[in-house]
Amino acid sequence: METKDLECPYCGKGLDVNHDDGFGYEENTAHEMECMHCNKSFVFYTSFLFDYEPVKADCLNDGKHNYEITNTCPMEFSRMRCSMCDNERDLTDQERKHFKIGTKESYFEKLKQH
Ligand SMILES: [Zn+2]
Ligand SMILES: [Zn+2]
């Protein structure tokens, strides 16, 4: 019986991770992969070499990331990170208002005033 590295979280078929260029070895990182059976994208985490944990990443299939604010100190340096694929982006002006967070520039201004 052939063993596969992981199972697609969408269709459940076995897949092998392509390790060309050392892909997929890094721990605690979301690695993107596309299923050759159902063509859906998902991410997997590598823990202890050769142990894979596939997780659904709907955002890679429908483009809707689930951004959550990072706990960064100082908070002016916070970023929005997708809880599914770890994609990061800067806060929008609206989000800065919503979370009552100033811009990096305002943080440096604050520093200058002391
Ligand atoms: Zn699949
Ligand atoms: Zn995402």
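Please list, ordered by first then second residue, the pairs with beta carbon atoms under 8 Å, 6 or more apart or interchain, first in the stretch 30-48 and in contact (Cβ under 8 Å) with a residue 24 or more places away in the chain, second more than 13 Å from ligand 1 (Cβ to nearest atom) and among the aromatic types (Phe, Trp, Tyr).
ALA30/TYR45; PHE44/TYR52
Suppose we keep only residues that are away from ligand 1 (no atom under 14 Å from the Cβ) and part of a loop (DSSP other than H, G, I, E, B) within the stretch 24-40. Which one would you say is surrounded by the fewest Cβ atoms within 10 Å (Cβ to Cβ)?
This residue is ASN28.
Search the stretch 6-28 for residues that are of a type outside the set (Lys, Arg) and pair each with any residue that is within 16 Å of ligand 2 (Cβ to nearest atom) when their beta-carbon atoms are under 6 Å apart and the residues are at least 6 apart or on different chains.
Pairs found: LEU6/PHE44; LEU6/PRO54; PRO9/PHE42; PRO9/PRO54; PRO9/LYS56; TYR10/LYS40; GLY24/HIS31.
Among LYS100, LYS64, which is charged (D, E, K, R), more than 11 Å from ligand 2 (Cβ to nearest atom) and in a loop (DSSP other than H, G, I, E, B)?
LYS100
Looking at VAL55, VAL43, VAL17, which is the one that is of a type in the set (Val, Ile, Thr), at pLDDT 95 or above and more than 30 Å from LYS110 (Cα to Cα)?
VAL43
Select from the stretch 41-52 the residues that are over 14 Å from the mean Cα position of the chain (by Cα) and more than 15 Å from ligand 1 (Cβ to nearest atom) and list them in ascending order.
Listed by number, the residues that qualify are SER47, PHE48, LEU49, PHE50, ASP51.
Could you please let me know if SER78 is under 19 Å from MET33 (Cα atoms), within 16 Å of the chain's Cα centre (by Cα) and in contact (Cβ under 8 Å) with a residue 12 or more places away in the chain?
no
Spot the failing condition for ALA57; the list is (1) surrounded by fewer than 12 Cβ atoms within 10 Å (Cβ to Cβ); (2) touching a Cys at 6+ places or on another chain (Cβ under 7 Å), and only one is missed.
Of the numbered conditions (1) surrounded by fewer than 12 Cβ atoms within 10 Å (Cβ to Cβ); (2) touching a Cys at 6+ places or on another chain (Cβ under 7 Å), the odd one out for ALA57 is (1).
Take GLU76 and tell me if it is within 14 Å of ligand 2 (Cβ to nearest atom) and under 23 Å from GLU105 (Cα atoms).
Answer is no for this residue.
State whether the residues of the stretch 37-55 include one that is within 16 Å of ligand 2 (Cβ to nearest atom), on the phi < 0 side of the Ramachandran plot, among the polar types (S, T, N, Q) and not assigned by TED's automatic domain parsing to the domain that holds GLY12.
no
The values are calculated or read from the model by the stated rules, or taken from the named source; none is laboratory data. Bear in mind that the values here come from a model prediction, so they are computed numbers and not experimental data. Using ideal geometry, Cβ is built from the backbone for each residue, glycine included, and neighbour counts are taken over all protein chains shown.
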